[in-house]
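J.: Before we start, here is the structure in question, set down as structure tokens.
Computed from the coordinates by the stated procedures, all read-outs in this text should not be read as laboratory data. Keep in mind it's a predicted model, so treat the numbers as computed, not measured. Here the Cβ is made from the backbone with ideal geometry for all residues, glycine too, and neighbour counts use every protein chain on show.
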Amino acid sequence: MRLIKLHIGIYRYIKTGYKKSPDKKKFIIGVIKAYFTAWKNEIKLLLKNFDKEYRKQKKEYKKYQKIQKDLTNALKLLQYKEKIMENKGLNRQEIRQYWLDFTKSGKVRSDLFKELMDNINEWRK
């Protein structure tokens with residue numbers, strides 16, 4: 001797929017740039033250099049995929065990225081909940097008490113999750 005995109009990109013570049021280029025010979029030489037550099041990079045990437053250590057690092061990196069994305073989404077949901085409480089007019093002490101209850105009580109957490117799922121289902125409609 002990457003090779004197809006490479007060829008499409010070079011075709012588009014030649015199509016638009018060749019007419020505008022004052023020195024056609026330099027333009028073609030530059031395109032050829034860029035083409036072979038891109039091929040060289042693709043071959044390096046292909047050979048890296050055969051390396052066991054590279055695959056292991058890539059897998060760990062993807063795992064890290066997924067965890068980071070999940071944590072970011074969780075943080076956004078908690079910030080969303082806090083904004084809702086501020087908009088309802090709860091003072092700082094009441095919000096603090098809510099978060100203390102949140103850490104200690106499973107019922108508060110399950111209520112929050114249920115409320116968030118209801119909001120998500122409402123948005124999907």
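J.: Report the net charge of residues surrounding ASN73, where surrounding means a beta-carbon distance below 14 angstrom and charges are Lys +1, Arg +1, Asp -1, Glu -1.
T.: That sum, taken over residues with Cβ under 14 Å, equals +3.
J.: Lys/Arg Cβ at +1, Asp/Glu Cβ at -1, dipole of the chain taken about the Cα centre: which of ILE32, THR16, SER105 is farthest positive-ward?
T.: ILE32
J.: Tell me the Kirkwood hydrodynamic radius of segment 1-67 in angstroms, computed as one over the mean inverse distance between distinct C-alpha pairs.
T.: The Cα-based Kirkwood calculation yields 14.4 Å.
J.: Which net charge results when you count Lys and Arg as +1 and Asp and Glu as -1 among the other residues whose beta-carbon is under 14 Å from that of LEU90?
T.: That sum, taken over residues with Cβ under 14 Å, equals +1.
J.: What's log10 of I(q)/I(0) for the chain at q = 0.12, 0.16, 0.22 Å⁻¹, Debye sum over Cα points only, no solvent?
T.: Values returned for q = 0.12, 0.16, 0.22 Å⁻¹ are -0.73, -0.90, -1.26.
J.: To the nearest 20 Debye, how big is the dipole of the chain about its Cα centre, given +1 on the beta carbon of each Lys and Arg and -1 on that of each Asp and Glu?
T.: 1080 debye
J.: Continuing with this model, one more query. Compute the signed sum of charges (Lys and Arg +1, Asp and Glu -1) over the other residues within less than 13 Å, Cβ to Cβ, of LYS56.
T.: Spelling it out: positives minus negatives among the neighbours equals +4.
J.: Here's another thing I want to ask about it. How long are the semi-axes of the ellipsoid equivalent to segment 35-103, from square roots of 5 times the Cα gyration tensor eigenvalues, in whole Å, largest first?
T.: 49, 15, 5
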